[in-house]
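Shown next, in structure tokens, is the structure this report addresses.
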Amino acid sequence: MHLNSENITRFAPSPTGHLHLGHILSMAFVYGIAEKQNAKVLLRIEDHDKERCKEEYVESILKDIEWLGLLPNNWDDIQTKGKEHLYRQSFRTERYKKALAELNLTGETYHCHCSRAEILSRTNALSSKNEELYYDGLCRTENFQSGLVRMVMPSKELVFMDGIQGKCIQNPSMQCGDMLLVDRMQNYTYNFAVVVDDIYDKINVIIRGVDLLSCTARQNYLRDKLGSVEVPLFFHHPLILDSQGQKLSKRLKSTGIASLREAGMKPAEVLGLAFHQAGIIESIQPIDKSKLSPLCQVALP
Ligand code: GLU
């Protein structure tokens with residue numbers, strides 16, 4: 001545990017759409033748990049995916065955050081030095097390049113030429129069982145000099161503690177196979193960029209939706225390979241699901257915060273709605289931003 005030391009967590013939205021209630025719930029957990037953990041909150045814009053991220057969404061995320069009044073500790077920096085100054089993945093390319101060069105020295109990375117269709121044709125059964133693409137390591141011994149970049153995953157179970165989910169055991173070599181670090185478009189992938197950023201930003205408390213739980217062991221493995229000795233505390237919180245049991249998604253155009261605001265809702269009402277839709281409170285009621293912590297019901301490890 002990191003009690004009393006400098007604890008730092010983050011809210012890390014990707015600007016691929018407007019913020020929706022799912023993000024509001026996530027922010028509520030970030031701020032509620034940060035208070036219990038005595039942690040600073042950093043806002044980091046995760047725009048590593050050049051094809052899907054848009055500037056208009058960065059603007060709208062900042063506007064929604066300001067309206068909600070859940071301001072991160074780097075808010076003043078973002079306001080005074082410009083939103084692109086820090087804490088933004090598209091401005092960190094040099095850092096990712098350097099981290100990848102370090103990883104390449106371990107001899108555990110390799111280039112891959114397999115397309116998604118080719119991988120699926122070989123590993124369809126396991127990929128559908130795992131609900132993610134499973135890569136079988138075919139290019140490991142090819143010695144290609146360009147293409148996608150993957151990292152060899154060890155064939156073993158990795159263990160970590162989660163403050164909400166308890167003890168977790170994952171074997172990335174059976175989940176995703178060799179992890180993708182750089183994709184076909186030469187974008188650094190989510191897993192790679194987030195780990196490099198978390199190390200650089202000294203993040204030691206990670207609070208995010210349970211949909212990202214399955215990535216955690218592989219991220220810890222990568223973190224270790226990048227020489228970070230500290231394993232963060234994790235809290236993977238529940239999600240708001242739609243009537244089909246699916247996660248709300250920006251791409252499916254779930255109710256944006258702007259439309260709730262324009263309909264006259266107040267920030268406390270939007271927070272209450274998010275907790276209600278996640279099944280955490282029974283009736284819809286306003287939740288003041290200073291009262292988030294008890295609702296997060298965290299079982300500390
Ligand atoms: N950028 C990711 C998202 O918007 C969150 C990443 C993380 O918390 O690790 O889903």
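The values are calculated or read from the model by the stated rules, or taken from the named source; none is laboratory data. These figures come from a predicted structure and were not determined experimentally. A quick note on method: Cβ atoms are made from the backbone with ideal geometry, for glycine too, and the neighbour counts reach across all protein chains shown.
Below, the figures for the structure above:
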read-out	value
Selection within region 1-42 - part of a strand (DSSP E or B) and among the aliphatic types (A, V, I, L, M)	I8, A39, V41, L42
Restricting region 67-102 to residues that are in contact with a helix residue (DSSP H, G or I) (Cβ under 7 Å, 6 or more places away or on another chain) and part of a helix (DSSP H, G or I), the residue that is modelled with the lowest pLDDT	Q89
Condition check for D64: more than 16 Å from the ligand (Cβ to nearest atom), of a type in the set (D, E) and outside any loop (DSSP other than H, G, I, E, B)	no
Pair list, Cβ under 6 Å, 6 or more apart: region 143-164 residue acidic (D, E), other residue surrounded by 11 or more Cβ atoms within 10 Å (Cβ to Cβ) and part of a strand (DSSP E or B)	D162/C168; D162/F234; D162/H236
Tabulated pairs, region 191-206, first more than 20 Å from M151 (Cβ to Cβ), second more than 9 Å from the ligand (Cβ to nearest atom) and among the small types (G, A, S), C-beta under 6 angstrom, 6+ apart or interchain	V205/A39
Of the criteria (1) touching a residue at least 40 places away in the same chain (Cβ under 8 Å); (2) out of contact with any Lys or Arg (no Cβ under 9 Å at 6 or more places or on another chain), which one A101 fails	(1)
Residue within region 43-57 that is part of a helix (DSSP H, G or I), surrounded by fewer than 23 Cβ atoms within 10 Å (Cβ to Cβ) and within 12 Å of the ligand (Cβ to nearest atom) present	yes
Criterion violated by E230 - all others in (1) away from the ligand (no atom under 11 Å from the Cβ); (2) out of contact with any Lys or Arg (no Cβ under 7 Å at 6 or more places or on another chain); (3) among the charged types (D, E, K, R); (4) under 21 Å from G32 (Cα atoms) satisfied	(4)
Selection within region 198-214 - near the ligand (Cβ under 9 Å from one of its atoms) and either acidic (D, E) or assigned to a helix (DSSP H, G or I) (or both)	D198, D211, L212
Filtered residues of region 103-132 (kept if surrounded by 14 or more Cβ atoms within 10 Å (Cβ to Cβ) and assigned to a helix (DSSP H, G or I))	L103, N104, I119, L120, R122, T123, L126, S127, N130
Of the criteria (1) within 24 Å of E66 (Cβ to Cβ); (2) over 19 Å from the mean Cα position of the chain (by Cα); (3) at pLDDT 90 or above, which one I240 fails	(2)
